[in-house]
Structures are given as C-alpha cells and as structure tokens.
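What follows is a single structure, written as structure tokens, with notes after it.
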Amino acid sequence: MSSIPSYELYGEFLSGAVPDPVHHETIKERSSKHDWTIRLHRHRRLAQIFLFRSPGVFFRLGDIEFTTNQPMILVAPPGIPHGFLFSEDVNGDVLSIRLDEMPRTIQQRFGQFSAQTDTFFLQNRTHNFKHVADLFVQMEEIYHRPGTNRSDILTALVDLIVTYLIGNLRRKTILGQAPFIERRDRKDLQAEAFCTLLEANFQKAWSVADYAGQLGVSAPHLTRICRAVLGAPPNELVRQRRILEAKRLLEYTALSITEITHRCGFRDAAFFSRAFKSVVGTPPKIYRQSVN
C-alpha cells in the first residue's frame, strides 16, 4: 500500500490550498495528458465522484476491478486506491471534494459509503441517476463562472448529489435488494488481455487473426468481445492506438512523417496521412504546425 502514490489531484503534488472546496473537470481533460491511463493512486484528503456517461471504462477501486457497459457513477472515498483506463472518446466528469472543508453533515454522509460495493451506481439500477447527472451539469457551469456565493452553491450541489446517492442505497435496503456486486466475467478479462497485447504490439503489422491467435480465440470471437466491452472492433482499436502514438510523435519529436509512419505501424506515408486525417480531421503536417 505504501508504494501507491498519494496526490491532491492526480499527477500533481500540490502544496498550497485549493481555492474551492470542490474541483470540477472533465475526465478527458486530465486523462488525455496521461495517455488515457490513470495509474493506481489515492488521495488522503480528497473524496471523488465520477460520472461516466460513456461505457467501456475499466477501473480498479480497492479490491474491485470492473469494466462499465453503461453510464455509471462511482464514489472514491479518501484513502482508497483507484486507477482507470479510458478510451479517447470518453465522456464524463469528476468532482474532487476536500472533505475537511465541507460541512459536518456532508462528511457524515460520505461515511455511509463504507463498503466498496456501496460506491457503484449503474444507470439502470439507480433511481435518481438522471437527477444526479443534471447536477453535474450545473456543477460544471457554476465552477467555471465567477460570482458571489460560488463556494456555497458548489457545496450545496455536492450535498444534493451525495444525498441522492445515499437515498439510492437506502432504497435498495428497503426493497430488500442485495448490495450490488459485479464480478468481471470472461469477456472483460479477454478484453483487458487484448488491450495489454495491443499496447505492446500496435507498431507491428498484425492482423486481427494475429491478435486473436495470441489470445487463444478466433478472430470473430475477438471482434465480438471488443465490440461488446470496448465499443469498437479490434482493427479500429488498433488504428486509434496508432493514431494516438502518431499525435504524440508529431507533437514532441522532430521525426519525419516517413519515420513516424513506420514507428506507428502504418504500411506507407500516404496511407498513414489518409488514416490520420480521417480520425483527427487534418493531415499530419498541418496537425504538427498547429500544435507547434
């Protein structure tokens, strides 16, 4: 446990006080700076609430690992290790809450998320999911708009969000429902294995059959898994990973387009340029000029 880094906000060892008791940002804002991977970490003083509007998010919270297949809300209490693997098209928000600056009533409410299985709120099992999602929209608007009573409004919105979520926990108890426990099934494990394999081999001229063979499954079966869990067929996921690497090399190196083509696993520069433009919207050379 001691080897897991502890941050104020992920990737930032902040020493000063954060002006607001609540920090809002989109998941894309921070994860895009870290190659869409938030490694296992924890926060000593921060509680976090994540809203995943898009499926296909892999996360670990404490001892639980899960890949989402629908919109979901996740609560990460202080001190609990958590990490994520996102896709580039992830849609969602995260609230980081300094509990020591929250009213005592809110601190006490967070104490009700005592069991890790009480921190998961899937859309189809959460009675007031839409209300909470709407409050996230209000939170973003208030957070980025200066004005009087701003901190009070942010605190009130946190109180409403937590109250809705705790109400859902009580509703499950009243209805006699068992606590939500999701186990990662075989498809999730195979999808994760594909992602690991892809990360190590995306530069190679592998076909879908090559990836499938390494995983001990058929190519059609791998395609079904990727579509169901990751939201796209394997050849599209390979292309997305190659384009992500190409963007990094264009931004941070002086390599030629030909060198980048080969490093990213494309067969020739012309094909690479067409593929890059179809995803990013501009040719590689124009993209490099714009970021520089």
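Annotations for the structure displayed:
Per-residue answers, yes or no, for (1) over 20 Å from the mean Cα position of the chain (by Cα); (2) surrounded by 15 or more Cβ atoms within 10 Å (Cβ to Cβ):
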site: VAL217; (1), (2): yes, yes
site: HIS221; (1), (2): yes, no
site: ILE243; (1), (2): no, yes
site: LEU250; (1), (2): yes, yes
site: SER256; (1), (2): yes, no
site: SER273; (1), (2): yes, yes
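- From PHE52, PHE84, PHE59, PHE66, residue being within 20 Å of TYR164 (Cβ to Cβ) and crowded, with 17+ Cβ neighbours inside 10 Å: PHE52
- Residue pairs whose Cβ atoms lie under 6 Å apart, separated by 6 or more positions or on different chains, with the first residue in the range 280-292 and free of Cβ contacts under 8 Å to residues at least 12 places away in the same chain and the second surrounded by 11 or more Cβ atoms within 10 Å (Cβ to Cβ) and of a type in the set (Gly, Ala, Ser), are PRO283/SER273.
- Residue count for the range 61-71 under the criterion of being outside any loop (DSSP other than H, G, I, E, B) and within 11 Å of the chain's Cα centre (by Cα): the result is 1.
- Subset of the range 196-246 that is of a type in the set (Lys, Arg) and out of contact with any helix residue (DSSP H, G or I) (no Cβ under 7 Å at 6 or more places or on another chain) - its residue that is farthest from ILE286 (Cα to Cα): ARG224
- Identification of helices (runs of 4 or more DSSP H) wholly contained in the range 188-292 with 2 or more residues that are within 21 Å of THR37 (Cα to Cα), assigned by TED's automatic domain parsing to the domain that holds ASN69 and out of contact with any Asp or Glu (no Cβ under 8 Å at 6 or more places or on another chain) yields no element.
The values are calculated or read from the model by the stated rules, or taken from the named source; none is laboratory data. Not measured: the values here are computed from a predicted model. Cβ: placed from backbone, ideal geometry, glycine included. Neighbour counts: every protein chain shown.
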